[in-house]
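Trainee: Below is a structure I'd like to ask you about.
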C-alpha cells in the first residue's frame, strides 16, 4: 500500500518530525513523507498564524500561510491509500487515533495493525474530516510508542501489505463531543476533579458541561494547548 507520513502538523510536536527524518535518511518504497507546517517547525512553535489542523479544507489562493498549506496537504492526500498524521500530547495514557466521520473502513484495521486500540471520530474542521484515508496518530510523550524507530518499523511493514483485514471488534470507538475551555476550568473547578484520560467523569459534571453521560476526558491540561483545558468524548 502507498503511505504518506505527515509530521509537524503542529510545529512543536516532534514525533512525526523525527519519523519523517528517519524515512528521509532511510527511504522505503511505497512510503512518502511531508513536513506539514515548515514555518512553525523552523520557529519551534505550534503554528505561525493559526492552527494548521483547524485550517482545513483550506484555500490554495489564500494569503494566509496555514490556510494555503491546508489546501496543499489535502490535495496531496488524494494520491495515497493511507495517510498517517503524527501528533504528541504531554498527557499520560492518551495514545489513540483520530479519524473523520467519512473515514474508510480500512482505517480501523490500520489502527489495530499499529497497536492503537482507541479510535476517535472528529467531525470538526481538521484533516480527518476532509481526508477519509487519513488516520491521525496521537502519542503521549511518556509513552513507549514515542519512539520514531518504532513507527519506522510499523509503517515499513504496513507499506508492504497488499491487503489489510484485521479483527476490529476490540477497538474502543469514541466521538469527540466537547472542548473544555479555560472558563470551564475555573467555573467548575476542574483541576480538583482528577480527570484522567479515557476514565469517565461524574454524571453530575457531564450534565453541568452539557454533554451526554458517560463522558470521557482526553488531553487534560496539555502543555501543548494551554489555551484549552481538554476535550470530552462519548463512546460509540
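Only the coordinates and a few stated rules stand behind these numbers; no lab work does. Source: prediction; values computed, not measured. Positions of Cβ are backbone-derived with ideal geometry, glycine not excepted, and every protein chain shown enters the neighbour counts.
Trainee: Checking residue 82 against (1) buried (at least 20 other Cβ atoms within 10 Å of the Cβ); (2) touching a helix residue (DSSP H, G or I) at 6+ places or on another chain (Cβ under 8 Å); (3) without any contact (Cβ under 8 Å) to a residue 60 or more places away in the chain; (4) under 19 Å from residue 155 (Cα atoms), which test does it fail?
Mentor: Just one mismatch for residue 82, condition (3).
Trainee: Can you work out which of the residues in the range 139-156 that are within 22 Å of residue 1 (Cα to Cα) and in contact (Cβ under 8 Å) with a residue 24 or more places away in the chain is surrounded by the fewest Cβ atoms within 10 Å (Cβ to Cβ)?
Mentor: Among residues in the range 139-156 that are within 22 Å of residue 1 (Cα to Cα) and in contact (Cβ under 8 Å) with a residue 24 or more places away in the chain, the one surrounded by the fewest Cβ atoms within 10 Å (Cβ to Cβ) is 149.
Trainee: Please tell me if residue 223 is loosely packed, with under 14 Cβ neighbours inside 10 Å, more than 30 Å from residue 4 (Cβ to Cβ) and either without any contact (Cβ under 8 Å) to a residue 60 or more places away in the chain or under 21 Å from the mean Cα position of the chain (by Cα) (or both).
Mentor: no
Trainee: Of everything in the range 39-59, what is under 23 Å from residue 78 (Cα atoms), free of Cβ contacts under 8 Å to residues at least 40 places away in the same chain and surrounded by 13 or more Cβ atoms within 10 Å (Cβ to Cβ)? Give them in sequence order.
Mentor: Scanning the range 39-59 gives a single hit, 58.
Trainee: Out of 174, 166, 178, I need the residue that is touching a residue at least 40 places away in the same chain (Cβ under 8 Å), more than 27 Å from residue 72 (Cα to Cα), surrounded by 18 or more Cβ atoms within 10 Å (Cβ to Cβ) and in contact with a helix residue (DSSP H, G or I) (Cβ under 7 Å, 6 or more places away or on another chain). Which one?
Mentor: None of the others qualify; the one that does is 178.
Trainee: Please go through the range 13-38 and pick out each residue that is surrounded by 17 or more Cβ atoms within 10 Å (Cβ to Cβ) and over 13 Å from residue 155 (Cβ atoms).
Mentor: 13, 14, 17, 34, 35, 36, 37, listed by residue number.
Trainee: Which of the residues that make up the range 115-132 are more than 16 Å from residue 159 (Cα to Cα) and not in a strand (DSSP E or B)?
Mentor: 116, 117, 123, 124, 125, 126, 127, 128, 129, 130, 131, 132 - these are the residues of the range 115-132 that are more than 16 Å from residue 159 (Cα to Cα) and not in a strand (DSSP E or B).
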